[in-house]
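Enquirer: Here's a structure for you.
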Amino acid sequence: MRRRTRLGTAGYALLAALAAAATPAFAQELSVLVGAQRTPQLKEDSYAYLFEYRHNLNDAFFVTYSWLNEGHVTNHHRDGLSGQLWARWVSPQRMFTLSAGAGPYRYYDTTYVDALGRVTDAHDWGGMYSVSADWYYHNPWIIQLRYNYVHATTSITTHTLLLGIGYQFEAADRQGPVPANPYGFTTSERNELSVMFGNSVVNNFHSPHGVATAIEYRYNLTPYIDLAVTGLDEGDAHVVKRHGLAGEGYIRREFLDHRADVGLGGGFYLARDQDEQGQHLKLLGIITMTISYRLGEHWRTRAYWYRTVTVNGRDTDVALLGLGYRW
């Protein structure tokens, strides 16, 4: 099913980060939540799950970047990305917090175009409005209960109620949320070359797959910004057979004593797209989430989740795992 595939690298990367964390270091909070979704217009219910990165500004405010999968209801298989600004109340004992946040929601909705049965992956903007209750019950673990209201004028409006667990990577000498610690360059190694293999899936109701490969050059411009050029081959997914060159900028954050990092990237994808009408050169968009872990002095393993963004409803998800060399 398509939604299982959309978990992709983003989901496995966050789960791996939670499982691997054994020492306090320099990052913020990663959370995994699962629950239920309600679509009032259709009077239908479905599952939902969410992955979130939280960056604390201070006790009163924080920002988040999240990916929400809204499950399956009639004629709508939707997920989306959101960045939110939150206000927070912290209890005197610093064990409980109550928060409210809002921000834009960029959604991707597999739906039928017309009565002839043509399918597209429609994308547009909506808003996500959320409230959260967090219990910092045992450092570094957090229990989170969260409600999201997603409003979209050109798609369905949904309610999601989620429960999950988070991990706090920042070193803490007291209970509760911890502000981020700034850091400078931690190594003289600014260059990285990676080779990756994985899977691509076309976002329609049949979810055709292909074998994907990529090679990437990455340059660490600042302690928090990377630039990357990627040669990406999405393989043959029958509906889509596409390959090309992508250029992206990333924001990143290191953790686990700088042995690992998480990053969010976006940019252009100049791709040659082959279908039943021939080959076409197209300029597309691309959004990427990545996580890496240092294996030795120069070697890193890196996982990716790419979302290609088209204008003709032929979006794909590409999940890759690879090995990189830094110098």
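Enquirer: Out of the residues in the stretch 87-115 that are farther than 16 Å from Val150 by Cα and aromatic (Phe, Trp, Tyr), state the one that is surrounded by the fewest Cβ atoms within 10 Å (Cβ to Cβ).
Expert: Trp89
Enquirer: Then there's this: Please specify each residue of the stretch 262-281 satisfying the condition of being assigned to a strand (DSSP E or B), surrounded by fewer than 17 Cβ atoms within 10 Å (Cβ to Cβ) and at pLDDT below 90.
Expert: Hits for the stretch 262-281 are Gln274, Asp275, Gly278, Gln279, His280.
Enquirer: Residue pairs, Cβ under 7 Å, 6 or more apart or interchain, first in the stretch 169-182 and basic (Lys, Arg), second modelled with pLDDT of 80 or more. List them.
Expert: Listed pairs, sorted by first residue: Arg174/Arg94.
Enquirer: Same structure again: If only one of Tyr129, Tyr137 is more than 18 Å from Gly101 (Cα to Cα) and either of a type in the set (Phe, Trp, Tyr) or not in a loop (DSSP other than H, G, I, E, B) (or both), which one is it?
Expert: Tyr137
Enquirer: From the residues in the stretch 155-198 that are in contact with a Pro (Cβ under 8 Å, 6 or more places away or on another chain) and of a type outside the set (Ser, Thr, Tyr), which one is modelled with the lowest pLDDT?
Expert: If we take residues in the stretch 155-198 being in contact with a Pro (Cβ under 8 Å, 6 or more places away or on another chain) and of a type outside the set (Ser, Thr, Tyr), then Ala171 is modelled with the lowest pLDDT.
Enquirer: Answer with yes or no whether Ala228 is of a type in the set (A, V, I, L, M, F, W, C), assigned by TED's automatic domain parsing to the domain that holds Gln41 and surrounded by 14 or more Cβ atoms within 10 Å (Cβ to Cβ).
Expert: The answer is no for Ala228.
Enquirer: Just name the residue that is nearest to Val229 (Cα to Cα) out of those in the stretch 162-194 that are touching a Leu at 6+ places or on another chain (Cβ under 8 Å) and of a type in the set (A, V, I, L, M).
Expert: Looking at residues that are touching a Leu at 6+ places or on another chain (Cβ under 8 Å) and of a type in the set (A, V, I, L, M), I get Ala180.
Listed here are the residues, each with its yes/no results for (1) of a type in the set (Phe, Trp, Tyr); (2) under 19 Å from Ala246 (Cα atoms).
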| position | (1), (2) |
| --- | --- |
| Thr288 | no, yes |
| Ile291 | no, yes |
| Glu297 | no, no |
| Arg300 | no, no |
| Arg307 | no, yes |
| Asn312 | no, yes |
| Ala319 | no, yes |
| Leu323 | no, yes |
| Trp327 | yes, no |
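Enquirer: Considering only residues that are β-branched (Val, Ile, Thr) and either touching a Gly at 6+ places or on another chain (Cβ under 6 Å) or in a loop (DSSP other than H, G, I, E, B) (or both), which ones fall in the stretch 170-203?
Expert: Val178, Thr186, Thr187, Val195
Enquirer: What are the residues in the stretch 101-118 that are modelled with pLDDT under 95 and not aromatic (Phe, Trp, Tyr), if any?
Expert: The answer is Arg106, Asp109, Thr110, Thr111, Val113, Asp114, Ala115, Leu116, Gly117, Arg118.
Enquirer: Inspect all residues belonging to the stretch 291-299 and state whether any of them is charged (D, E, K, R), surrounded by fewer than 23 Cβ atoms within 10 Å (Cβ to Cβ) and not in a strand (DSSP E or B).
Expert: Within the stretch 291-299 (the criterion being charged (D, E, K, R), surrounded by fewer than 23 Cβ atoms within 10 Å (Cβ to Cβ) and not in a strand (DSSP E or B)), the answer is yes, since at least one residue qualifies.
The values are calculated or read from the model by the stated rules, or taken from the named source; none is laboratory data. None of the values given here were measured: they were computed from a predicted structure. Here Cβ is always computed from backbone atoms with ideal geometry, including for glycine, and neighbour counts include all displayed protein chains.
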